[in-house]
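Worksheet: the structure to be examined is printed underneath.
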Amino acid sequence: MAAKSMTIVMHANDLDKTMAAFILATGAAAKGMDVTIFFTFWGLMAMKKGAADKSKLSKFSMFTGMMKKVMKKQNVATLDELIKDSADLGVRMVACEMTMALMNTPKESLRPEVTEIGGVGTYLDAASESNITLFI
Amino acid sequence: MAEVKISTVGLNCPKPLIETRKAMRKLAAGDILIIEGDHAVSKDEIQQAVKDTGDAVLGVEETGGKWIIKVQKS
């Protein structure tokens, strides 16, 4: 497989979904793919500083703590670690400009791994050149 | 020509892949990376990922659930 590209819209803020997005992003980057993640709505809230550790499961959220303990026991990377790894592997992370305005989320409130701000056109330009596009 | 060793023993998906790629990115062409691990699925996935990035798998050894993969950066 020659290097290809993947674009993800991350719309969710739930731990199980954000984990899935970043596992896919790091996996694709490890295979030499160009990866772009566009964070919109709740997905952008997941990228606020300090949010990764507070993220909860989409179902049975009262068991989030228990799930985190099992993940740790199984040596599964934390969401925070996967976000840092994504940046290390060159994953491009774009914040939705409209969500930033709607939810009063200035650039300074976002994690440093989010280095770009863009709109629907930014996503479409990346997605139209991607072999894989996902909405999570 | 440098030779670098990393251990992914005990790590779960997708960390062995991530750590392999992070190490490969730091190497120069011709350098060797030796990856040790025990995550079964990653043994095959690392070899495929290394081929995907255009690098070479030089050899694989497996003993009692632990594996060692030797790769070379192109």
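Residues that are among the hydrophobic types (A, V, I, L, M, F, W, C), farther than 18 Å from A:Met33 by Cβ and more than 14 Å from chain B (Cβ to nearest Cβ) within segment A:75-126 comprise A:Ala95, A:Cys96, A:Met98, A:Met100, A:Ala101, A:Leu102, A:Met103, A:Leu110, A:Val114, A:Ile117, A:Val120, A:Leu124, listed in sequence order. Answer yes or no as to whether A:Lys56 is surrounded by 14 or more Cβ atoms within 10 Å (Cβ to Cβ) and on the phi < 0 side of the Ramachandran plot. Taking the combined requirement at face value, the residue satisfies it. At negative phi and either modelled with pLDDT of 95 or more or surrounded by 17 or more Cβ atoms within 10 Å (Cβ to Cβ) (or both): is that true of A:Lys68 in this structure? Judged against the criteria, A:Lys68 is a match.
Scanning segment A:55-90 for residues that are under 15 Å from the mean Cα position of the chain (by Cα) and among the basic types (Lys, Arg) yields A:Lys56, A:Lys84.
In segment B:26-40, the qualifying residues are those that are of a type in the set (Asp, Glu) and closer than 26 Å to A:Asn75 by Cα, and the one that is nearest to the other protein chains (Cβ to nearest Cβ) is B:Asp38. Restricted to segment A:1-79, the set of helices (runs of 4 or more DSSP H) holding at least 3 residues that are under 15 Å from A:Leu89 (Cα atoms) comprises A:15-30.
So, A:Glu108, is that one assigned to a helix (DSSP H, G or I), over 12 Å from the mean Cα position of the chain (by Cα), charged (D, E, K, R) and over 26 Å from B:Leu11 (Cα atoms) or not? Yes, satisfied. Checking each residue in segment A:9-51 for being touching a helix residue (DSSP H, G or I) at 6+ places or on another chain (Cβ under 9 Å) and over 27 Å from A:Gly65 (Cβ atoms) picks out A:Val9, A:Ala29, A:Ala30, A:Lys31, A:Gly32, A:Met33, A:Asp34, A:Val35, A:Thr36, A:Phe38, A:Thr40. Pairing each residue of segment B:41-64 that is away from chain A (no Cβ under 13 Å) and surrounded by 13 or more Cβ atoms within 10 Å (Cβ to Cβ) with any residue that is among the aromatic types (Phe, Trp, Tyr) and not in a loop (DSSP other than H, G, I, E, B), provided the two are 6+ apart or on different chains, yields C-beta distances under 6 Å for B:Lys43/B:Trp67.
Exactly one residue out of A:Gly50, A:Gly32, A:Gly43 is more than 10 Å from the chain's Cα centre (by Cα) and more than 10 Å from every other protein chain (Cβ to nearest Cβ): that is A:Gly50.
The values are calculated or read from the model by the stated rules, or taken from the named source; none is laboratory data. Bear in mind that the values here come from a model prediction, so they are computed numbers and not experimental data. A quick note on method: Cβ atoms are made from the backbone with ideal geometry, for glycine too, and the neighbour counts reach across all protein chains shown.
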